[in-house]
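See below for the structure under consideration.
Bear in mind that the values in this text are calculations on the coordinates, not laboratory data. From a predicted model like this one, the values you see are computed outputs, not experimental measurements. Cβ: placed from backbone, ideal geometry, glycine included. Neighbour counts: every protein chain shown.
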Amino acid sequence: MSNTVISYSLTGNNRALADSVAKELSAEHIKIEEVKSRTMGSIVLDIIFNKSPTVRPLPDSSIKECDLIVLLGPVWMGKVATPLRLYLKYLKTHPYRYAFISISGGADGSNPGIAGELEKRTGRTPAVLLDLHITGLLPSSPRPTRKATSAYRLKPDDIVKLTGKIMTVLSP
């Protein structure tokens, strides 16, 4: 079974997790990079105006035929991070089986709209959808704030724990 892991990460958390998952799956890891620097303002504008930033590599040149594509990236304002949009659009015309996994803050709660957004952008539901939160790694009291979750960087033991959780849902 061949797999491909595709990741985008602004803070490095999703990239570190994707590196670990790719290693466990013996999969190729495609790391999406943005051409321009990302700011909070550009994140908000892309989401409001439904824009996709310029990224590299482009999906057409980087995705080879495989059994499962595992997308890892953050959720911003309840939406899949905009740098992943070109890859989701690619999946709409190339019906690979896919999974979407995210580690994001979670200070504002879960992201119930992700499944619908993924289905809208790809034309089908993901084989696996896992919305992980940094709040689950922090003490529950006092309640973690958005500032605390945004500043948090995954530790090696966090990566091991989360990779284990991911592998249990990816394994047949």
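Mean residue ellipticity, 222 nm, helices only, the chain: the sum of -39500 (n - 2.57) across DSSP H runs of n ≥ 4, divided by residue count and rounded to 500, is -11000 deg cm²/dmol. Label-to-label distance, K155 versus I48, with points set 7 angstrom from Cα along the beta-carbon direction: 3.9 nm. Considering all different alpha carbon pairs of the range 102-166, the Kirkwood hydrodynamic radius works out to 13.1 Å. The range 152-172 and the range 1-80 have Cα centres separated by 17 Å.
Charge tally around R124: other residues with Cβ under 14 Å, Lys/Arg +1 each, Asp/Glu -1 each, net +3. Could you compute the net charge surrounding T168? Neighbours are other residues with a C-beta less than 12 Å from the C-beta of T168; K and R count +1, D and E count -1. Around T168, the surrounding residues sum to +1.
Could you tell me whether the chain comes out rounded, prolate or oblate from its Cα gyration tensor? Rule is a ≥ b ≥ c as square roots of the eigenvalues, rounded for a/c under 1.5, then prolate if a/b exceeds b/c, otherwise oblate. Note, shape of the chain comes out oblate.
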